[in-house]
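Structure, as C-alpha coordinates:
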Amino acid sequence: MFCKDYDSFISLLSRRNYTVHTARDGAEARDILLSLVPEGSTAGFGGSMTAKELCLAEALRGKGCTTYFHWEAPAEERGEVTRRAARADWFIASANGITRSGKIVNIDGTGNRVASTLFGHEEVYFIVGANKIAPDYDSALWRARNIASPKNARRLHKKTPCAARGERCYDCSSPERICRALVVLWEKPGGIGRAEVVLVNEALGF
(Lines give C-alpha, C1' and ligand atoms only; values in the text may rest on other atoms or scores of the structure.)
Protein backbone atom coordinates (compact mmCIF):
# COMPACT_ATOMS: atom_id res chain seq x y z
CA MET A 1 0.00 0.00 0.00
CA PHE A 2 2.92 2.37 0.52
CA CYS A 3 3.87 4.67 -2.34
CA LYS A 4 6.36 3.34 -4.90
CA ASP A 5 9.06 5.89 -4.01
CA TYR A 6 8.91 4.81 -0.37
CA ASP A 7 12.62 5.20 0.43
CA SER A 8 12.57 8.71 -0.99
CA PHE A 9 9.44 9.46 1.06
CA ILE A 10 11.19 8.45 4.29
CA SER A 11 14.27 10.44 3.34
CA LEU A 12 12.24 13.59 2.70
CA LEU A 13 10.42 13.22 6.03
CA SER A 14 13.79 12.89 7.74
CA ARG A 15 15.05 16.01 6.00
CA ARG A 16 12.03 17.82 7.43
CA ASN A 17 13.42 16.91 10.89
CA TYR A 18 11.07 14.02 11.69
CA THR A 19 12.31 10.73 13.10
CA VAL A 20 10.63 8.04 11.00
CA HIS A 21 9.55 4.54 12.01
CA THR A 22 7.84 1.96 9.81
CA ALA A 23 5.33 -0.68 10.86
CA ARG A 24 3.88 -3.61 8.92
CA ASP A 25 0.48 -3.17 10.57
CA GLY A 26 -1.36 -1.47 13.40
CA ALA A 27 -0.24 -3.98 16.01
CA GLU A 28 3.41 -3.27 15.25
CA ALA A 29 2.72 0.48 15.26
CA ARG A 30 1.20 0.15 18.74
CA ASP A 31 4.28 -1.75 19.93
CA ILE A 32 6.53 0.99 18.56
CA LEU A 33 4.57 3.66 20.45
CA LEU A 34 4.71 1.63 23.65
CA SER A 35 8.49 1.38 23.30
CA LEU A 36 8.87 5.12 22.71
CA VAL A 37 6.66 6.63 25.43
CA PRO A 38 8.37 6.29 28.83
CA GLU A 39 6.62 4.51 31.68
CA GLY A 40 4.85 6.88 34.03
CA SER A 41 4.72 9.80 31.60
CA THR A 42 1.65 11.82 30.57
CA ALA A 43 0.25 11.46 27.05
CA GLY A 44 -2.39 13.59 25.37
CA PHE A 45 -4.47 12.66 22.34
CA GLY A 46 -6.18 14.67 19.67
CA GLY A 47 -9.40 13.38 18.14
CA SER A 48 -7.81 10.48 16.29
CA MET A 49 -9.63 7.48 14.86
CA THR A 50 -6.23 5.89 14.26
CA ALA A 51 -5.37 6.09 17.98
CA LYS A 52 -8.82 4.77 18.85
CA GLU A 53 -8.57 1.85 16.42
CA LEU A 54 -5.18 0.89 17.89
CA CYS A 55 -6.41 1.25 21.52
CA LEU A 56 -3.33 3.35 22.21
CA ALA A 57 -4.65 5.13 25.30
CA GLU A 58 -5.59 1.83 26.93
CA ALA A 59 -2.20 0.31 26.00
CA LEU A 60 -0.29 3.25 27.48
CA ARG A 61 -2.29 3.12 30.69
CA GLY A 62 -1.28 -0.53 30.91
CA LYS A 63 2.35 0.53 31.22
CA GLY A 64 1.64 3.12 33.89
CA CYS A 65 1.14 6.25 31.79
CA THR A 66 -1.51 8.87 32.48
CA THR A 67 -3.54 9.53 29.34
CA TYR A 68 -5.88 12.36 28.36
CA PHE A 69 -8.23 11.46 25.52
CA HIS A 70 -11.40 13.56 25.47
CA TRP A 71 -13.27 10.95 23.42
CA GLU A 72 -13.07 8.64 26.44
CA ALA A 73 -14.27 11.23 28.96
CA PRO A 74 -17.86 12.01 30.04
CA ALA A 75 -19.32 14.98 28.16
CA GLU A 76 -19.10 17.29 31.18
CA GLU A 77 -15.36 16.55 31.59
CA ARG A 78 -14.20 16.78 27.99
CA GLY A 79 -13.16 20.43 28.14
CA GLU A 80 -10.87 19.82 31.12
CA VAL A 81 -9.48 16.61 29.63
CA THR A 82 -8.70 18.48 26.39
CA ARG A 83 -6.83 21.16 28.33
CA ARG A 84 -4.85 18.53 30.23
CA ALA A 85 -3.97 16.82 26.94
CA ALA A 86 -2.53 20.13 25.76
CA ARG A 87 -0.23 20.17 28.80
CA ALA A 88 0.90 16.54 28.57
CA ASP A 89 4.56 15.63 28.02
CA TRP A 90 3.78 13.58 24.92
CA PHE A 91 1.09 14.17 22.31
CA ILE A 92 -0.25 11.56 19.90
CA ALA A 93 -2.06 12.44 16.69
CA SER A 94 -2.47 11.29 13.12
CA ALA A 95 -2.86 13.13 9.82
CA ASN A 96 -5.73 13.78 7.45
CA GLY A 97 -3.22 13.71 4.62
CA ILE A 98 0.53 13.54 4.08
CA THR A 99 2.30 14.32 0.83
CA ARG A 100 5.05 12.23 -0.69
CA SER A 101 7.34 15.20 -0.11
CA GLY A 102 6.60 15.03 3.64
CA LYS A 103 4.07 17.81 4.28
CA ILE A 104 1.46 16.92 6.92
CA VAL A 105 -2.08 18.28 6.49
CA ASN A 106 -4.71 18.41 9.24
CA ILE A 107 -8.15 20.04 9.46
CA ASP A 108 -9.66 20.68 12.90
CA GLY A 109 -12.84 22.03 14.41
CA THR A 110 -11.90 22.98 17.98
CA GLY A 111 -8.21 23.55 17.23
CA ASN A 112 -6.84 21.52 20.15
CA ARG A 113 -5.42 18.78 17.93
CA VAL A 114 -3.62 21.03 15.46
CA ALA A 115 -2.44 23.38 18.22
CA SER A 116 -0.70 20.53 20.01
CA THR A 117 1.14 19.49 16.85
CA LEU A 118 2.64 22.99 16.71
CA PHE A 119 3.73 23.92 20.21
CA GLY A 120 4.33 22.96 23.81
CA HIS A 121 5.07 19.23 24.04
CA GLU A 122 8.31 17.40 24.67
CA GLU A 123 7.46 15.12 21.79
CA VAL A 124 4.70 14.65 19.21
CA TYR A 125 3.98 11.35 17.51
CA PHE A 126 2.10 11.07 14.21
CA ILE A 127 0.67 7.60 13.49
CA VAL A 128 -0.07 7.58 9.76
CA GLY A 129 -1.74 4.81 7.79
CA ALA A 130 -0.86 4.20 4.15
CA ASN A 131 -4.31 5.46 3.11
CA LYS A 132 -3.27 9.00 4.16
CA ILE A 133 -0.41 9.28 1.66
CA ALA A 134 -1.14 11.62 -1.27
CA PRO A 135 0.99 12.54 -4.28
CA ASP A 136 1.09 16.28 -3.59
CA TYR A 137 -0.32 19.09 -1.46
CA ASP A 138 -3.49 19.60 -3.52
CA SER A 139 -4.28 15.88 -3.26
CA ALA A 140 -3.59 15.80 0.49
CA LEU A 141 -5.81 18.83 1.05
CA TRP A 142 -8.54 17.33 -1.14
CA ARG A 143 -8.36 14.15 0.91
CA ALA A 144 -8.60 16.06 4.21
CA ARG A 145 -11.62 18.06 3.02
CA ASN A 146 -13.52 15.48 1.01
CA ILE A 147 -12.77 12.16 2.72
CA ALA A 148 -11.68 12.72 6.32
CA SER A 149 -13.93 15.65 7.21
CA PRO A 150 -17.24 14.21 5.89
CA LYS A 151 -16.56 10.89 7.63
CA ASN A 152 -15.80 12.64 10.91
CA ALA A 153 -18.88 14.85 10.61
CA ARG A 154 -21.06 11.81 10.01
CA ARG A 155 -19.44 9.93 12.91
CA LEU A 156 -20.20 12.88 15.19
CA HIS A 157 -23.81 13.10 13.90
CA LYS A 158 -23.32 16.71 12.84
CA LYS A 159 -26.03 18.56 10.95
CA THR A 160 -23.90 19.51 7.95
CA PRO A 161 -24.27 18.87 4.21
CA CYS A 162 -21.17 16.67 4.16
CA ALA A 163 -22.54 14.49 6.97
CA ALA A 164 -25.96 14.20 5.32
CA ARG A 165 -24.62 13.37 1.87
CA GLY A 166 -21.23 11.95 2.78
CA GLU A 167 -19.42 12.44 -0.49
CA ARG A 168 -17.57 15.80 -0.29
CA CYS A 169 -17.01 19.11 1.45
CA TYR A 170 -19.57 21.83 0.71
CA ASP A 171 -17.59 24.65 2.38
CA CYS A 172 -20.77 25.22 4.35
CA SER A 173 -21.69 27.84 6.93
CA SER A 174 -23.42 25.38 9.25
CA PRO A 175 -23.15 26.16 12.99
CA GLU A 176 -22.05 22.54 13.42
CA ARG A 177 -19.29 22.72 10.84
CA ILE A 178 -16.23 20.79 12.08
CA CYS A 179 -13.64 21.96 9.53
CA ARG A 180 -12.67 25.37 10.92
CA ALA A 181 -8.87 25.37 10.94
CA LEU A 182 -6.29 24.11 8.47
CA VAL A 183 -2.67 23.46 9.49
CA VAL A 184 0.06 22.38 7.08
CA LEU A 185 3.35 21.32 8.62
CA TRP A 186 6.04 22.05 6.06
CA GLU A 187 8.50 20.54 8.53
CA LYS A 188 8.81 19.89 12.26
CA PRO A 189 7.71 23.04 14.13
CA GLY A 190 10.25 24.70 16.38
CA GLY A 191 7.78 24.95 19.26
CA ILE A 192 7.96 21.25 20.16
CA GLY A 193 10.85 19.09 21.30
CA ARG A 194 10.94 16.09 18.99
CA ALA A 195 8.50 14.86 16.36
CA GLU A 196 8.30 11.29 15.14
CA VAL A 197 6.25 9.73 12.36
CA VAL A 198 5.17 6.09 12.47
CA LEU A 199 4.20 4.98 8.95
CA VAL A 200 1.87 1.98 8.97
CA ASN A 201 1.49 -0.25 5.92
CA GLU A 202 -2.28 -0.59 6.20
CA ALA A 203 -5.31 1.68 6.12
CA LEU A 204 -6.02 3.33 9.49
CA GLY A 205 -8.47 6.03 10.50
CA PHE A 206 -10.06 8.58 8.23
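The values are calculated or read from the model by the stated rules, or taken from the named source; none is laboratory data. Because the structure is predicted, anything quoted here is derived from the model rather than measured. A quick note on method: Cβ atoms are made from the backbone with ideal geometry, for glycine too, and the neighbour counts reach across all protein chains shown. When the accessible area is computed, the model is the full protein with side chains, heavy atoms only, and any ligands, DNA or RNA have been set aside. Shrake-Rupley method; radii C 1.70, N 1.55, O 1.52, S 1.80 Å.
General remarks:
- A Förster distance of 45 Å, applied to the separation of the beta-carbon atoms of R24 and V184, puts the FRET efficiency at 0.95.
- Within region 1-110: Cβ-based charge dipole about Cα centre, in debye rounded to nearest 20 (Lys, Arg +1; Asp, Glu -1): 380
- Taken about its Cα centre, the chain carries a charge dipole of roughly 640 debye when the Cβ of each Lys and Arg holds +1 and the Cβ of each Asp and Glu holds -1.
- Point-charge dipole on Cβ atoms (K/R +1, D/E -1) for region 117-206, about Cα centre, debye to 20: 580
- Directionally averaged projected area (convex hull, Cα atoms, region 1-160), nm²: 9.4
- Karplus-derived 3J(HN,Hα), 6.51/-1.76/1.60, for each residue of region 70-77, Hz, glycine and proline x: 4, 5, 8, 9, x, 3, 6, 10
- Once you reduce region 145-159 and region 188-202 to the center of their Cα atoms, the two points are 25 Å from each other.
- Taking the charge dipole of the chain about its Cα centre, with +1 at Lys and Arg Cβ atoms and -1 at Asp and Glu Cβ atoms, the residue from A88, N112, P38 reaching farthest to the positive side is N112.
- Cut-off under 5 Å, modelled amide H: who pairs with G97 long-range: V105
- Percentage of interatomic Cα-Cα distances in region 1-55 larger than 18 Å: 50
- Ranked by how many other beta carbons lie within 10 Å on average, peptides 86-99, 49-62 from highest: 86-99, 49-62
- Averaged per residue, the chain has 47 square angstrom of accessible surface, using a 1.4 angstrom probe with ligands and nucleic acids left out.
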